[in-house]
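Since the structure comes first, as structure tokens, the remarks are kept for the end.
The values are calculated or read from the model by the stated rules, or taken from the named source; none is laboratory data. Computed from a predicted model, the values in this text were never measured in an experiment. Cβ sites come from the backbone with ideal geometry, for glycine too, and all protein chains shown count toward neighbours. Just the protein is used for accessible areas: all its heavy atoms, side chains included, with ligands, DNA and RNA removed. Shrake-Rupley method; radii C 1.70, N 1.55, O 1.52, S 1.80 Å.
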Amino acid sequence: IGVDQKRFIPFGKIWQGKTKICLQGELLVLTVCRLEPRKDINTLLVAAKILQKEKLCFVVAGTGIDEAKLKIKSKKLKLRNFHFLDFVSDEDLPALYRAANLFVLPTLEEGFGIVLIEAMASGVPVLSNSVGAVPEVLDGVGTIIPPLKPKLLAENILQILSSPKSQNSMIKRGLKLVQERYNWDKIISQYEKAYQDVAK
């Protein structure tokens, strides 16, 4: 699995909705995923509550069967800094990634997580959970923590966003990893070589 590095790039148009829902000076914490039980958005909601006094703006893009329940929980927690975008088109997605200061994928189960490499290709630091293929996909580049730990998630979000040096390091290593491992041209060449080897 690869990522289109002509679409997902660090520089270009920024999602214009950021200025409409995030207060001036707030850093955007982005999540893109299906809103379903195997994703751990509940933990993200509690983490956002812990961080409600910080200058952060949480944005979740995606729809799914848990959407209504999660929106109700957000209201019960009285989260002013948490926003659901629902469905975001493929056309608008690259600009949304570029608007983010941190990409967070809270999850209880993950096969590959293509959103992780889309975020890295867009020049965004990545934070996710130590489940499924996530550690292999990130390969030491992003920050990985156990799931279902809202306090730990909140601490790591704040730690990353409080350190420009750490962010820059994660961005550079993420872009390098995407170029070396998830570039479509290189992946196609690997497929071609595999077919040629089998055909011999």
Those cysteines in the chain that have no second cysteine Cβ within a distance under 4.7 Å are C33
Here the range 52-57 yields Karplus 3J(HN,Hα) values (6.51, -1.76, 1.60; θ = phi - 60°; whole Hz; Gly and Pro given as x) of 5, 8, 7, 8, 10, 10
With the contact rule set at Cα under 8 Å and sequence spacing of 6 or more, what percent relative contact order holds for the chain? 26
With a 1.4 Å probe and every protein chain left in place, work out the accessible area per residue of the chain in Å², rounded to a whole number. 53
Distribution of pairwise C-alpha distances over the range 95-200, 10 Å bins, in %: 15, 42, 29, 10, 4, 1
Sorted on mean Cβ neighbours within 10 Å (highest first), peptides 3-9, 57-63 come out as 57-63, 3-9
How far is helix 184-199 tilted off the main Cα axis of the chain, in degrees rounded to 10, range 0 to 90? 40
Return the long-range amide H neighbours of K39 (sequence gap of 5 or more, or a different chain), with a cut-off of under 5 Å between placed amide H atoms. L108
Among 131-142, 40-51, 17-28, how do they line up from the highest to the lowest mean number of other beta-carbon atoms within 10 Å? 40-51, 131-142, 17-28
At a 1.4 Å probe radius, carbon and sulfur cover how many percent of the accessible area of the chain? 55
Magnitude of the Cβ-charge dipole (Lys and Arg +1, Asp and Glu -1) of the chain about the Cα centre, nearest 20 debye, reported as 840
Derived scalar couplings ³J(HN,Hα) [the range 75-88; Karplus, 6.51 cos²θ - 1.76 cosθ + 1.60; whole Hz; x for Gly, Pro]: 5, 5, 7, 6, 8, 6, 9, 10, 10, 9, 8, 6, 6, 10
List the lysines whose Cα sits under 17 Å from the Cα of K172, skipping any in the same chain fewer than 8 residues away. none
May I have the convex hull volume per residue, in Å³, for the Cα set of the range 50-149? 115
Built amide H within the under 5 Å cut-off of V141, gap 5+: none
For the chain, inverting the pair-averaged 1/r of distinct alpha-carbon atoms gives a Kirkwood value in Å of 17.3
